[in-house]
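Trainee: Here you go, one structure.
The values are calculated or read from the model by the stated rules, or taken from the named source; none is laboratory data. The structure displayed is predicted, hence computed values, not measured ones. Ideal geometry is used to build each Cβ from the backbone, glycine not excepted, and the neighbour counts take in all protein chains shown. Protein only, heavy atoms only, side chains kept; ligands, DNA and RNA dropped before computing areas. Shrake-Rupley method; radii C 1.70, N 1.55, O 1.52, S 1.80 Å.
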Amino acid sequence: PLESFYKKIESINCMKFGIKIKNIWHDNEMYQFRISVSDGISFFVNQVYVGYKAYDDLISELDRFKNKMHGGIYDLNLGCFGSEYASGALSARFHFLDRGKIHVSIHTQSEFKDFGEKNVASEAKLYFVSEPALLDNFIQELKNLKASQSDQAILEIV
């Protein structure tokens, strides 16, 4: 058990910091993604379900957002927050605040579970900065994931 724990810690430390979306399962209607987010210090992992149309919309909306370098804002939402929904959720606000920099604010929530007499979910809020070239890479990787040419997409931090 300790050995597997240390291997997990090593794999976490090797992760590129930012947002990593990994396809762990899909059927004819939806994907199940493992979402890993890290600001370089904190790290949070959850899983979300995303329908194909919502995923297609995400790619086209990010493609439009990348050209709004003067104060543009885009809210990326995957899964749903709340105990009444399956799995977890991710909300990430992309904001072109400084020229050539994208400020990313993340709120993420795990699946709910029983905890004593309560039903709770773990949550995290993380913040980091990326840049347009890294967003372009992320959008291309999302397209590759859709085309089954890859199983993951990563938005790296600066």
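Trainee: Assess whether Asp57 counts as being of a type in the set (D, E, K, R), modelled with pLDDT of 90 or more and in a helix (DSSP H, G or I).
Mentor: Taking the combined requirement at face value, the residue satisfies it.
Trainee: Okay, next question. Determine which member of the set Arg99, Arg64 is open to solvent by 50 Å² or more (accessible area, probe 1.4 Å) and assigned to a helix (DSSP H, G or I).
Mentor: Exactly one residue qualifies, and that residue is Arg64.
Trainee: Still on this structure, I have one more. Could you tell me which residue of region 73-96 is least open to solvent (accessible area, probe 1.4 Å), considering only residues that are part of a loop (DSSP other than H, G, I, E, B) and farther than 24 Å from Lys16 by Cβ?
Mentor: Top of the filtered list is Gly82.
Trainee: If I ask for residues that are farther than 17 Å from Gly40 by Cα and either in contact with a Pro (Cβ under 9 Å, 6 or more places away or on another chain) or part of a loop (DSSP other than H, G, I, E, B) (or both), which ones from region 102-125 would you list?
Mentor: Within region 102-125, Ser110, Glu111, Phe112, Gly116, Glu117, Ala121, Ser122 qualify.
Trainee: Now for a different question. Tell me, yes or no, whether region 128-151 has at least one residue that is surrounded by 17 or more Cβ atoms within 10 Å (Cβ to Cβ) and touching a helix residue (DSSP H, G or I) at 6+ places or on another chain (Cβ under 6 Å).
Mentor: yes
Trainee: State all residues of region 58-83 that are closer than 15 Å to Leu145 by Cβ and among the acidic types (Asp, Glu); if no residue qualifies, say none.
Mentor: Correct list: Asp63 only.
Trainee: Which one is farthest from the chain's Cα centre (by Cα) among residues in region 12-29 that are crowded, with 16+ Cβ neighbours inside 10 Å and not in a loop (DSSP other than H, G, I, E, B)?
Mentor: Among residues in region 12-29 that are crowded, with 16+ Cβ neighbours inside 10 Å and not in a loop (DSSP other than H, G, I, E, B), the one farthest from the chain's Cα centre (by Cα) is His26.
Trainee: Of the conditions (1) aliphatic (A, V, I, L, M); (2) out of contact with any helix residue (DSSP H, G or I) (no Cβ under 9 Å at 6 or more places or on another chain); (3) open to solvent by 60 Å² or more (accessible area, probe 1.4 Å), Met69 satisfies every one except a single condition; which number is it?
Mentor: Of the numbered conditions (1) aliphatic (A, V, I, L, M); (2) out of contact with any helix residue (DSSP H, G or I) (no Cβ under 9 Å at 6 or more places or on another chain); (3) open to solvent by 60 Å² or more (accessible area, probe 1.4 Å), the odd one out for Met69 is (2).
Trainee: Could you list, in sequence order, all residues of region 31-58 that are under 12 Å from Leu78 (Cα atoms), in contact with a helix residue (DSSP H, G or I) (Cβ under 9 Å, 6 or more places away or on another chain) and aliphatic (A, V, I, L, M)?
Mentor: Val50, Leu58
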